[in-house]
Structures are given as structure tokens and as C-alpha cells.
1. Return a yes/no flag: does segment 172-191 have any residue that is under 30 Å from Glu94 (Cα atoms) and not in a strand (DSSP E or B).
2. Can Ile158 be described as closer than 25 Å to Leu228 by Cβ, outside the structural domain of Val51 (by TED's automatic domain parsing), in contact with a helix residue (DSSP H, G or I) (Cβ under 7 Å, 6 or more places away or on another chain) and not in a strand (DSSP E or B)?
3. Across segment 41-68, which residue is nearest to the chain's Cα centre (by Cα) among those that are part of a loop (DSSP other than H, G, I, E, B) and not polar (S, T, N, Q)?
4. Between residues in segment 210-222 that are at positive phi and assigned by TED's automatic domain parsing to the domain that holds Gly130 and residues that are hydrophobic (A, V, I, L, M, F, W, C) and assigned to a strand (DSSP E or B), which pairs lie under 6 Å by C-beta distance while being six or more apart or on different chains?
5. For segment 204-218, what are the residues that are closer than 11 Å to Arg135 by Cβ, assigned to a strand (DSSP E or B) and in contact with a Ser or Thr (Cβ under 7 Å, 6 or more places away or on another chain)?
6. Taking the condition within 16 Å of Glu298 (Cβ to Cβ), touching a residue at least 24 places away in the same chain (Cβ under 8 Å) and outside any strand (DSSP E or B), does Ile350 pass?
7. Please tell me if Leu295 is under 48 Å from the mean Cα position of the chain (by Cα) and at pLDDT below 65.
8. Can you tell me how many residues in segment 11-40 are modelled with pLDDT under 85, part of a strand (DSSP E or B) and surrounded by 13 or more Cβ atoms within 10 Å (Cβ to Cβ)?
Amino acid sequence: MGLWDKVFGEFVDIIEWTDNSSDTMVYRFERHGNEIKYGAKLTVRESQIAVFVNEGEIADVLQPGMYELETRNLPVLSTLQHWDHGFSSPFKAEVYFFNTRQFTDLKWGTKNPIMMRDPEFDMVRLRTFGTYNVRITDPTTFIKEIMGTDGHFTVDEISDQLRDLITSRYATILGKLEVPVLDLASNYDTLGGYITEKIAPEFDQYGLELTKVLVENISLPPEVEKALDKRTSMGMAGDLDKYLKYGAAEAMQSGNSSTASSAIEMGIGLSMAQSMTEQQRGQAAVASSSTPPPLPHEQQWHVSINNQASGPFGYAELMELAKQGALTTSSLVWSSGMENWESAAEISYITDIIGKSQSTPPPIPG
């Protein structure tokens with residue numbers, strides 16, 4: 001820089017920054033020798049925060065607005081410079097402008113598949129891709145932990161570190177959700193919100209806010225996807241017998257003899273397989289008919305006697321309780337499959353037993 005650049009630089013009394021890029025997070029205002037004129041005007045626009053650094057120390061943090069750089073407006077800087085007598089010559093300091101808008105559409109994803117237990121497929125490997133949004137909320141922490149003395153800090157310098165942070169925590173979060181693989185596609189929003197909630201505190205340590213994590217795709221291994229495609233195709237085919245008959249008829253009408261022949265052969269093969277299956281079922285039915293069926297299971301009941309649950313009781317035991325008067329229509333009973341205890345008067349099975357226990361033979365004819 002020449003002599004005239006230095007001279008004119010000292011007379012410039014407007015400090016501001018307009019961002020023409022889309023990826024700059026922090027910009028240091030460049031002045032010759034870092035000299036700032038006393039009483040200069042500093043403009044901090046919306047979505048910006050200005051930070052004064054004097055001799056390696058953070059002197060002040062200024063929110064959006066217009067400031068006149070004087071000792072009464074910068075009390076911390078005044079203390080550092082020892083301006084006890086209204087010293088008004090240019091002073092040396094660095095001004096950093098922080099871009100506080102959201103940086104969106106930052107990519108994240110798993111470099112390697114993640115092993116996951118699934119109730120239907122047992123063990124599966126998943127790959128996940130998505131985007132996230134982030135912004136600066138604490139410039140002081142960001143300077144100390146991330147930026148240092150970098151005069152032009154871009155989002156590319158930290159995006160890899162943030163991406164790896166999300167990916168490393170994602171495997172643990174996915175395992176805790178215990179959501180089946182086939183249900184993950186319908187829970188992308190829920191999964192993204194859960195990831196944001198769990199990882200955001202770690203971004204706070206860098207002076208950043210993780211505003212949103214989006215899950216765009218969760219993919220399965222090619223072998224599993226092929227198996228799912230086959231299962232879907234089988235479900236769409238429905239009745240295979242009707243499907244083959246329809247395909248054979250269509251092929252014969254179109255005059256394609258080779259296609260028709262193939263369809264007929266497939267139909268014959270299917271019919272033979274069906275006949276063999278029915279024959280085996282018939283043999284199994286004959287074999288099973290030679291043995292008696294299992295005895296029916298007798299339903300067991302619990303009865304409330306003196307406000308105590310007793311049982312379980314079978315038919316004969318219930319009959320004896322009814323004869324003794326321990327089982328009446330006002331008694332509470334319960335059996336497997338019932339939600340709550342119910343009055344015996346509401347259960348026809350129990351009322352029949354009570355009625356039979358109370359029946360007496362007719363008088364002997366004279």
C-alpha cells in the first residue's frame with residue numbers, strides 16, 4: 001500500500017460491510033495498519049453483528065444499528081486504551097463482521113452403511129442423506145473455538161466438521177428410535193426433528209445454532225431392495241392362476257405363438273404344482289382323521305369370595321360353590337379374555353350353573 005492509500009485510509013470514517021457472497025460467515029474490515037479514526041461511523045446491518053478486537057482482546061460486541069466510535073460509546077475499549085484525557089487520534093483495532101443469517105442446504109450423510117436391528121429383516125445396513133441449516137448466535141464463542149484470526153471465514157471451512165458431528169451422533173439416535181425400516185420413510189420429519197433436538201446442544205459449544213436437520217433419503221442395500229420389489233410385485237399380481245390365464249389369452253389373441261406357448265407352459269406347470277399340493281393336503285387329512293381330535297379346553301373362572309380372588313375353578317367346582325352359596329348372581333367373576341370383573345348375573349354360563357345347582361327334583365307321585 002502506498003503513502004496516499006495510507007493517508008486517504010485514515011480519513012475514511014465509515015466502517016461497514018455488504019456481503020456479495022453466499023458463504024461468508026465472518027469478514028474482517030481491512031484498514032491500513034488497522035487504524036480507525038476516532039469518531040468514525042460504524043454501520044451494523046440486520047443479520048450482522050460487529051465485534052471489536054483490540055490487541056488480541058475482544059473489546060465490544062455491537063448489535064445492528066449505527067454507532068459513533070467514541071470512548072463513551074466503547075467503555076471497554078476506552079479502558080484498554082487508557083483514554084483518560086479525551087485522546088482523539090486514530091486508534092488501532094480490528095473489526096469483525098459476523099453474518100447471523102441462516103446458512104441453508106448444507107449436506108450431510110453417512111459415508112458407510114449403519115448396521116441396525118430390525119424386527120422384520122433382523123439385521124440391515126442403512127445409508128442416510130439429508131441437509132441441515134446453521135447460523136452464528138454467539139460471536140465471542142465462535143472466535144475462540146472456531147475462527148481464530150481468520151479474516152475471511154467461509155462456511156466451507158467448518159461444514160465438514162459439522163457434517164461429521166451429525167453423522168457420528170446419527171447412528172446412536174437411529175438405534176434408540178427403534179422404528180422398523182419400512183416405517184422410516186413415513187417418519188422423515190419426526191426423525192429430522194429428533195436429530196435436531198439431540199445434536200443442537202453440541203453446536204452451542206461452537207457458538208452456533210442448529211436450526212433444522214432434514215432427512216431426504218434412507219436407502220437399503222441393493223439385495224434388500226430387490227427382495228422388497230419382488231414382494232411388492234407378488235402382492236400386485238394377486239391371484240396367480242387368473243393372472244396366468246389372462247396372460248395366455250392375451251398372447252394367443254395377439255398371435256405371438258412363442259409368448260402363448262410360454263404362458264401355456266407356465267400355466268401347466270402351475271396346475272401340476274397345485275394338483276400335487278392338493279393331493280398332499282388330502283393325504284394329510286386322511287392321516288389326521290385316523291386320530292381323535294384333542295379334548296376341548298375347559299374354561300377356567302375366578303370368583304370373588306369375601307372380596308378375595310379365588311380360583312381358577314372349572315365347571316364341577318363352580319357347581320359346588322353355587323350349592324354352598326359361595327357363588328350367587330351377585331358374585332363378581334372373571335375369566336381369561338375379559339377386561340374387568342363382571343357380575344355373575346351378566347354371564348349366561350355362570351347363571352346356568354347357579355340355576356342347575358338350585359334345582360330340586362319334583363315330588364314323588366302318590
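1. Keep residues of segment 172-191 that are under 30 Å from Glu94 (Cα atoms), which gives none.
Taking every residue of segment 172-191 in turn, none turns out to be under 30 Å from Glu94 (Cα atoms) and not in a strand (DSSP E or B).
2. no
3. To start, the set of residues in segment 41-68 that are part of a loop (DSSP other than H, G, I, E, B) comprises 45-47, 55-56, 63-64.
Right, trim to not polar (S, T, N, Q) and you get 45-46, 55-56, 64.
Values: Arg45: 37, Glu46: 34, Glu55: 47, Gly56: 43, Pro64: 37 Å.
It comes out as Glu46.
4. If the second residue must be hydrophobic (A, V, I, L, M, F, W, C) and assigned to a strand (DSSP E or B), no pairs are left.
5. As a first pass, look at segment 204-218 and keep what is closer than 11 Å to Arg135 by Cβ: 207-212.
Now narrow it down to the ones that are assigned to a strand (DSSP E or B): 208-212.
Result: Leu208, Glu209, Leu210, Lys212.
6. Working: within 16 Å of Glu298 (Cβ to Cβ): yes; touching a residue at least 24 places away in the same chain (Cβ under 8 Å): yes; outside any strand (DSSP E or B): yes.
Yes; evaluated as a whole, the condition is true for this residue.
7. Details: under 48 Å from the mean Cα position of the chain (by Cα): no; at pLDDT below 65: yes.
It is false that Leu295 is under 48 Å from the mean Cα position of the chain (by Cα) and at pLDDT below 65.
8. 2
The values are calculated or read from the model by the stated rules, or taken from the named source; none is laboratory data. Note that the structure is predicted; figures quoted are calculated from it, not measured. Virtual Cβ from ideal backbone geometry, glycine too; neighbours counted across all protein chains shown.
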